[in-house]
Amino acid sequence: MGMGSYYASFYRQKRIRDRKKEVGPTQSVQRQTSDSLKQGIEALENALNEWSGRSSGGGDPYWLTLKYPGTCKKCGKQMKRGEKAFRYKDGAMYCDSDKCGKQAHRDFAAAVADES
């Protein structure tokens, strides 16, 4: 980058800062997001989570196919991308073995059945 473009960039940023000072923080476009818009977005996200079977308020674990490598919390096995894992909302993941993920799934299903 030449010195001419450096100074042009510097003065462009200075004009933006000065313009923000003139407009003031309450009139800034970035801060005009209304509460109703935020509530609408939140309602849509909750509806999407419920539709996909994952409630945002619940802590129910679920099976997933890994996009990234991970480690089983119980046995320490390194899980690769594409493997199935049983994941809790707190981030704990279990591999797809009988002693780890499948056992955690059975334990959770038994706990849900006991609540009913």
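Regarding T33, is this residue modelled with pLDDT under 95, among the β-branched types (V, I, T), surrounded by fewer than 11 Cβ atoms within 10 Å (Cβ to Cβ) and out of contact with any Lys or Arg (no Cβ under 8 Å at 6 or more places or on another chain)?
yes
Which count do you get for residues in region 65-116 that are at pLDDT 90 or above and at positive phi?
Summing the residues that are at pLDDT 90 or above and at positive phi in region 65-116 gives 2.
Just to be sure I understand, how many residues within region 74-94 are surrounded by 18 or more Cβ atoms within 10 Å (Cβ to Cβ) and not charged (D, E, K, R)?
Final tally of qualifying residues: 5.
The values are calculated or read from the model by the stated rules, or taken from the named source; none is laboratory data. Values in this document were obtained by computation on a predicted structure and should not be read as measured data. Cβ sites come from the backbone with ideal geometry, for glycine too, and all protein chains shown count toward neighbours.
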